[in-house]
Amino acid sequence: MTLREFFTEHPEAAAAFSGGADSALLVWAASRYAKRVRAYYVKTPFQPAFELADARRLAGEAGVGLTVIEFDVLAVPEAAANGPERCYFCKKALFSRILEAAREDGFSLVLDGTNASDDADDRPGMRAIGELSVRSPLRECGLTKEDVRVLSRKAGLFTWNKPAYACLATRVPQGTAITRETLETVEKAEDALTKLGFADFRVRVCGDTARLQVTKEQLPLVLGTRRAVLESLSGLFSAVTLDLEPRRPSR
């Protein structure tokens with residue numbers, strides 16, 4: 001099955017839109033092949049501001065209406081507690097909000113951007129969307145992460161080479177309760193390092209200490225900008241460390 005065929009069979013759908021490469025291709029394909037589609041972005045403390053900016057830009061370029069749903073995911077006790085099932089409870093809450101909004105707009109089908117490369121056994125969130133009967137056209141059509149990149153580039157989508165971005169909650173060690181203050185600190189730190197030229201990296205937190213994870217290609221940049229890195233993060237953390245195990249690129 002192709003995406004064109006999927007949307008021929010399902011001409012009206014609501015699309016969960018994170019601003020990432022996968023859901024961007026989904027929204028673009030829906031804009032071309034579906035008769036009626038709307039994108040839904042859930043704005044929570046777990047998402048950095050640039051994701052919403054990217055979602056708005058892509059939706060605008062695709063000519064798709066975008067609904068932004070404000071939701072305090074930290075009000076979900078199991079998500080804030082940051083246990084092993086955090087992603088499951090987070091996804092269940094977020095997609096429940098999308099389903100409610102979509103029904104109000106007259107949609108009975110909700111889609112997400114899970115692709116065929118995503119391992120269901122390693123993703124509690126996929127169990128949550130399955131329980132809510134959310135469909136994943138990219139996965140159903142057998143489109144892998146690499147396929148998504150290739151098709152997105154052909155379509156001229158600016159997200160074609162955007163690195164995969166796990167939510168801010170993943171920067172906090174499992175079992176450590178997540179607070180709004182911690183998430184804001186991480187976002188500020190990653191924004192500061194992005195301005196220094198870093199890409200596809202993570203700022204992990206442990207107490208008031210930051211641990212930087214960068215790709216092998218960007219290890220020299222850390223050393224070359226060491227003083228600037230420390231100055232950028234000095235007001236946010238008491239200490240900054242570097243993970244000597246290079247981060248695998250998120251592509």
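Laboratory data are not the source of any read-out in this text; all were calculated from the coordinates shown. Not measured: the values here are computed from a predicted model. Cβ: placed from backbone, ideal geometry, glycine included. Neighbour counts: every protein chain shown.
How high is the FRET efficiency between residue 1 and residue 32 when r is their beta carbon distance and R₀ equals 22 Å, given to the nearest 0.05? Result of the calculation: an efficiency of 0.90. The angle between the Cα long axis of helix 49-62 and the main principal axis of the chain comes to about 30°, on a 0 to 90 degree scale. Ranked for footprinting exposure by Cβ neighbours inside 10 Å, fewest first, 69, 98 give 69, 98. Across the chain, the mean sequence separation of Cα contacts (distance under 8 Å, 6 or more residues apart), normalised by length, yields a relative contact order of 18 percent. Between the amide H of residue 43 and those of 69, 70, 71, distances stay under 5 Å, these residues lying 5 or more places away or on another chain, with hydrogens modeled in the peptide plane.
Eigen-decomposition of the gyration tensor built on the alpha-carbon atoms of the chain gives equivalent ellipsoid semi-axes of 33, 21, 16 angstrom, largest listed first. Between residue 15 and 38, 39, 40, 111, the built amide H atoms are under 5 Å apart, and every one of these is 5 or more places off in sequence or on another chain. The angle between the Cα long axis of helix 21-33 and the longest principal axis of the Cα atoms of the chain comes to about 20 degrees, rounded to the nearest 10.
Taking the range 81-126, how much of its Cα-Cα pair set, in percent, is spaced more than 13 angstrom apart? Mind dumping the intermediate values first?
On the way: 650 of 1035 pairs.
Taking all Cα-Cα pairs of the range 81-126, the fraction more than 13 Å apart is 63 percent.
Every helix of 4 or more DSSP H residues in the chain counts as -39500 (n - 2.57), and over all residues that averages to -13000 deg cm²/dmol at 222 nm.
Take every pair of alpha-carbon atoms less than 8 Å apart whose residues are at least six positions apart; their mean separation over the length of the range 159-251 yields a relative contact order of 32 percent.
For the pair residue 75 and residue 209, label points projected 7 Å from Cα toward Cβ lie 3.6 nm apart.
Counting DSSP beta bridges with both partners in the chain, what percentage is antiparallel, nearest 5?
20
In degrees from 0 to 90, rounded to the nearest 10, what is the angle of the helix 86-104 Cα long axis to the longest principal axis of the chain? Long axis of 86-104 versus the principal axis of the chain: about 40 degrees.
When both the range 48-84 and the range 192-251 are represented by their alpha-carbon centers, they are found 25 Å apart.
Using bins of 5 Å that start at zero, the share of Cα-Cα pairs per bin across the range 111-251 amounts to 2, 9, 15, 18, 16, 15, 13, 9, 4, 1, 0, in whole %. Using θ = phi - 60° in the Karplus curve 6.51 cos²θ - 1.76 cosθ + 1.60, the 3J(HN,Hα) couplings for the range 205-213 round to 10, 9, x, 10, 10, 9, 10, 8, 10 Hz; x is entered for Gly and Pro. Multiplying the residue separation of residue 170 and residue 154 by 0.36 nm and removing their Cα-Cα distance gives an extension gain of 2.6 nm. Cβ-to-Cβ counts within 10 Å put 191, 54, 208, 200 in ascending order as 208, 191, 200, 54, the fewest first.
Subtracting the Cα-Cα distance of residue 180 and residue 216 from 0.36 nm times their residue separation leaves 9.9 nm of extension gain. When each of 160, 28 is scored by the number of other beta-carbon atoms lying within 10 Å, the sequence from fewest to most is 160, 28. Each label point was placed 7 Å from the Cα along the Cα-to-Cβ direction; for residue 191 and residue 231 their separation is 1.9 nm. Percent of Cα pairs in the range 179-242 per distance bin of 5 Å, from zero to the largest separation: 4, 18, 35, 26, 13, 3, 1. Label-to-label distance for residue 108 and residue 238 is 5.8 nm, based on points extended 7 Å past Cα in the beta-carbon direction.
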